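K.L.:
Below is the structure I would like to discuss, written out as structure tokens.
The values are calculated or read from the model by the stated rules, or taken from the named source; none is laboratory data. None of these values were measured; they are calculated from a predicted model. Positions of Cβ are generated from backbone atoms using ideal geometry, with glycine treated the same way; all protein chains shown enter the neighbour counts.
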Amino acid sequence: MALLEIKQVSRNFKGLTALSKIDIDVQEGEILGIIGPNGAGKTTLFNIISGFLSPTHGEIRFRGKNIVGLRPDMIARKGLVRSFQGVGLFPMATCLGNLILAHHLYQEIGFWKTMAHTGSYGAREKEVKAKSLAILKTLNLDDKKDMAAKDIPYGYQKMLGIAMALATDAQVLLLDEPVAGMNPPEALAMTQEIKRIRAELKKTIVLVEHNMKMVMGVCDRIVVIQYGLKIAEGPPELIRNDPQVIKAYLGTAEAYHDTSN
Amino acid sequence: MSFIKRNLRGLVFIGLILIFILLPLIFPNPARIGMFIGCGVASILAMGWLMILRIGCLSLGQVAFLAIGGYTSALLAQKAGISPWIGLLGGGMASGLVALGLGVVFLKVRGLSLSIITFAFAEVVRLIISTLEFFGGHGGIMEIPKFNPLLIPGWGIVRFDTPLSCYYILLLILMISGLFMWRMDRSALGRTFMSLPQNENLAQSLGIHPLRYKVISFVTACFFAGVAGAFTAHYYGVLYPGSYIPMQSIIVQIQGTVGGVASVALGGLLGGSLMVMVESWLLNVDARWVYIFYGAVILAVTFMLPEGLLSLPRKIKKLYKKA
């Protein structure tokens, strides 16, 4: 049984069909890429999986249990955490503060326990801080730990966003355009990081991306969506040579330009 | 030296309490004590306002919760003969419950619209208490019972009919609400509150329900505003709808802003006390200056010290380093 099953998911916005009967199975431990032209419905699909939107039809099963209708925070607690397009962090907090927050938000403590600071509270604070510092170190962000998140370079901000998703201990990470807007070295660093996360931390990763080089390089399997329909699915070599995909996506001049960077 | 440094927070806290206990003994003039009581009530309101600001809501209706607390406690005492001491808690709980209902429905709204809702709510409360006969109408409520004497073991029967004794009641309320909000602000809860206005969707996608935390912050602030309101009812002995006009909510906002956003408890205490002291001095000179003063202060603070007086030491240090 697949870890995450998306079954016949459709979504309409007042007559406009954004997604139509999408079927995707995500296996444990794989990196799955979702690609498609702008407006194909990729982010809509992400919003539906993470609970920010509800599907008009269809079912999403995580570990065999239906998660449609749950709030985003409930889905996150089940082990399905997403990152956001653009910069998804708390801009005013420091880098370390962002990670500590991510820990706190995920392992919510009870109201009275927090207020009383009883028992393990102090020890937990220290543990969370140590853990956050360790994550920053593996991402080479530890020299920036006291800078406000809004003040660090864009590439690091995206990295920090993924670090926050990692801080939650979630099994599945949904990454919405992790290398969008990055320069080539930054994109390369991010690609390696994603590979490392899968290899060392045994996470399952679903990502939406426009950078073809990155998608082809990192994904085990790719799903192509166009106008809300799934038009192809398979390993990168197959997708690269699929005539329908080339026509829909790779064949255009812009897409070629994308491939080159 | 290292001892002082390590326990700075505790020492500041003990120092503040000692000062507050001794203040009315140094300035025994009843008018002065009345002013100190005004400072305390303003501080509790400003702390609450800052606590609500943490979740990204600029409240323009804090005075409504003062009114709800005051009227609840006054009516409980007058119509049901319930002791003002229990009324303090009753007033707070009434305010808290109203805040809970209001929060669950309206805290989903963000930004300016939410501020306008709090403003409108405060006006609705004021219009209800000034129209309905049950709440005394325009004339308000007179002859509210004062705090009754208490039998305190070891002290005998203690009467609470002087301004000085009421000052100590308020000091206790201020200490409890200040400590509670300080602890809340400085814990994981406070950090969660602060994350919400920065990126609510991210906070939710990391596993918390934003509305829950918004309601916690809102209800806490309004509960203490209600207790302060109940205290004023029994201290003054009269309640009058005219004291809950929108300008009063705006004054709370100015006091909170002047104090500073760095700390809910300290900012509220500083802003509330300082503003009320200057206000009462101005009232002696010429009452017309009060609103002009508040207007000038909010302009000056917004332009020159947007993070309030608490950010002043840091700013001075920076200037010092540059020079």
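K.L.:
For segment B:160-207, which positions are outside any helix (DSSP H, G or I) and among the hydrophobic types (A, V, I, L, M, F, W, C)?
P.N.:
B:PHE160, B:LEU206
K.L.:
Can you list residue pairs whose Cβ atoms sit under 9 Å apart, with the first residue in segment A:209-221 being without any contact (Cβ under 8 Å) to a residue 40 or more places away in the chain and the second being surrounded by fewer than 18 Cβ atoms within 10 Å (Cβ to Cβ) and in a helix (DSSP H, G or I)? Count only pairs 6 or more apart in sequence or on different chains.
P.N.:
What qualifies is A:MET214/A:LEU188; A:MET216/A:PRO236; A:MET216/A:GLU237; A:MET216/A:ARG240; A:MET216/A:THR259; A:GLY217/A:LYS195; A:GLY217/A:PRO236.
K.L.:
For segment A:130-164, what are the residues that are more than 21 Å from A:VAL81 (Cα to Cα) and not in a loop (DSSP other than H, G, I, E, B)?
P.N.:
Listed by number, the residues that qualify are A:ALA130, A:LYS137, A:ASP142, A:ASP143, A:LYS144, A:ALA148, A:LYS150, A:ASP151, A:TYR154.
K.L.:
Residues in segment B:158-176: is at least one within 21 Å of the chain's Cα centre (by Cα), within 14 Å of chain A (Cβ to nearest Cβ) and closer than 30 Å to A:ALA167 by Cα?
P.N.:
no
K.L.:
Then there's this: Could you tell me whether segment B:244-254 includes any residue that is surrounded by fewer than 23 Cβ atoms within 10 Å (Cβ to Cβ), without any contact (Cβ under 8 Å) to a residue 40 or more places away in the chain and either within 11 Å of another protein chain (Cβ to nearest Cβ) or at negative phi (or both)?
P.N.:
no
K.L.:
Take A:LEU229 and decide whether it is touching a residue at least 60 places away in the same chain (Cβ under 8 Å), closer than 23 Å to A:ILE22 by Cα and in contact with a Ser or Thr (Cβ under 8 Å, 6 or more places away or on another chain).
P.N.:
yes
K.L.:
Right, next: Filter the helices (runs of 4 or more DSSP H) completely within segment A:68-116 down to those with at least 2 residues that are more than 8 Å from every other protein chain (Cβ to nearest Cβ) and at pLDDT 90 or above.
P.N.:
Qualifying helices (runs of 4 or more DSSP H): A:72-78, A:95-106.
K.L.:
Here is a follow-up. So, A:GLU186, is that one in a helix (DSSP H, G or I), of a type in the set (Asp, Glu) and within 27 Å of A:ILE24 (Cα to Cα) or not?
P.N.:
In short, no.
K.L.:
Might you let me know whether segment B:304-314 holds any residue that is closer than 21 Å to B:GLY34 by Cα, of a type in the set (Gly, Ala, Ser) and in contact (Cβ under 8 Å) with a residue 40 or more places away in the chain?
P.N.:
no
Here is a yes/no grid of residues against (1) modelled with pLDDT of 90 or more; (2) surrounded by fewer than 17 Cβ atoms within 10 Å (Cβ to Cβ):
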| position | (1), (2) |
| --- | --- |
| A:ILE162 | no, no |
| A:ASP169 | no, yes |
| A:LEU201 | no, yes |
| A:VAL206 | yes, no |
| A:VAL223 | yes, no |
| A:GLN226 | no, no |
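K.L.:
I've got another one for you. For segment B:104-113, state whether one or more residues are in a helix (DSSP H, G or I), among the small types (Gly, Ala, Ser) and touching a residue at least 24 places away in the same chain (Cβ under 8 Å).
P.N.:
no
K.L.:
Which condition number does A:HIS57 fail, the rest of (1) more than 8 Å from chain B (Cβ to nearest Cβ); (2) at pLDDT 90 or above; (3) under 20 Å from the mean Cα position of the chain (by Cα) being met?
P.N.:
Tallying (1) more than 8 Å from chain B (Cβ to nearest Cβ); (2) at pLDDT 90 or above; (3) under 20 Å from the mean Cα position of the chain (by Cα), A:HIS57 fails exactly one: (3).
K.L.:
Do we find that A:GLY15 is without any contact (Cβ under 8 Å) to a residue 24 or more places away in the chain and either in contact with an Asp or Glu (Cβ under 9 Å, 6 or more places away or on another chain) or surrounded by fewer than 17 Cβ atoms within 10 Å (Cβ to Cβ) (or both) in this structure?
P.N.:
yes
K.L.:
Being in contact with a helix residue (DSSP H, G or I) (Cβ under 9 Å, 6 or more places away or on another chain), surrounded by fewer than 17 Cβ atoms within 10 Å (Cβ to Cβ) and aliphatic (A, V, I, L, M) is true for just one of B:ILE144, B:ILE216, B:ILE169, B:ILE176. Which residue is that?
P.N.:
Only one candidate qualifies: B:ILE176.
K.L.:
Scan segment B:45-82 residue by residue and report those that are β-branched (Val, Ile, Thr) and either under 27 Å from B:PHE134 (Cβ atoms) or free of Cβ contacts under 8 Å to residues at least 24 places away in the same chain (or both).
P.N.:
B:VAL63, B:ILE68, B:THR72, B:ILE82
K.L.:
With respect to the numbered conditions (1) surrounded by fewer than 24 Cβ atoms within 10 Å (Cβ to Cβ); (2) more than 14 Å from every other protein chain (Cβ to nearest Cβ); (3) in contact with a Ser or Thr (Cβ under 7 Å, 6 or more places away or on another chain), which one is the sole condition not fulfilled by B:ALA225?
P.N.:
Looking at each condition in turn, B:ALA225 falls short on (1).
Table: residues versus (1) touching a Gly at 6+ places or on another chain (Cβ under 7 Å); (2) touching a residue at least 24 places away in the same chain (Cβ under 8 Å); (3) surrounded by 18 or more Cβ atoms within 10 Å (Cβ to Cβ).
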{"residue": "A:LEU45", "(1), (2), (3)": "no, yes, yes"}
{"residue": "A:GLY64", "(1), (2), (3)": "no, yes, no"}
{"residue": "A:ASP73", "(1), (2), (3)": "yes, no, yes"}
{"residue": "A:ALA76", "(1), (2), (3)": "yes, yes, yes"}
{"residue": "A:LEU80", "(1), (2), (3)": "no, yes, yes"}
{"residue": "A:PRO91", "(1), (2), (3)": "no, yes, no"}
{"residue": "A:CYS95", "(1), (2), (3)": "no, yes, yes"}
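K.L.:
Please state which of the following conditions A:MET164 fails to meet, knowing it meets all the rest: (1) farther than 25 Å from A:ILE48 by Cα; (2) outside the structural domain of A:ALA2 (by TED's automatic domain parsing).
P.N.:
With (1) farther than 25 Å from A:ILE48 by Cα; (2) outside the structural domain of A:ALA2 (by TED's automatic domain parsing) applied to A:MET164, the lone miss is (1).
K.L.:
Pick from segment B:196-214 the residues that are closer than 19 Å to A:PHE111 by Cβ and within 23 Å of the chain's Cα centre (by Cα): which of them is farthest from the other protein chains (Cβ to nearest Cβ)?
P.N.:
B:LYS214
K.L.:
Right, next: Read through the list (1) surrounded by fewer than 24 Cβ atoms within 10 Å (Cβ to Cβ); (2) under 17 Å from the mean Cα position of the chain (by Cα); (3) part of a helix (DSSP H, G or I), then give the number of the only condition that B:GLY91 fails.
P.N.:
All conditions pass for B:GLY91, except number (1).
K.L.:
Across segment B:289-323, which residue is modelled with the lowest pLDDT among those that are farther than 13 Å from B:ILE251 by Cβ and touching a helix residue (DSSP H, G or I) at 6+ places or on another chain (Cβ under 7 Å)?
P.N.:
B:TRP289
K.L.:
How about segment B:1-65: which helices (runs of 4 or more DSSP H) wholly inside it have at least 3 residues that are surrounded by 11 or more Cβ atoms within 10 Å (Cβ to Cβ) and among the small types (Gly, Ala, Ser)?
P.N.:
Hits in segment B:1-65: B:30-54.
K.L.:
Do we find a residue being in a helix (DSSP H, G or I) and within 9 Å of chain A (Cβ to nearest Cβ) anywhere in segment B:215-222?
P.N.:
yes
K.L.:
Please work out which one of (1) closer than 24 Å to A:LEU101 by Cβ; (2) in contact with a Phe, Trp or Tyr (Cβ under 7 Å, 6 or more places away or on another chain); (3) among the hydrophobic types (A, V, I, L, M, F, W, C) is the condition B:LEU171 fails and give its number.
P.N.:
(1)
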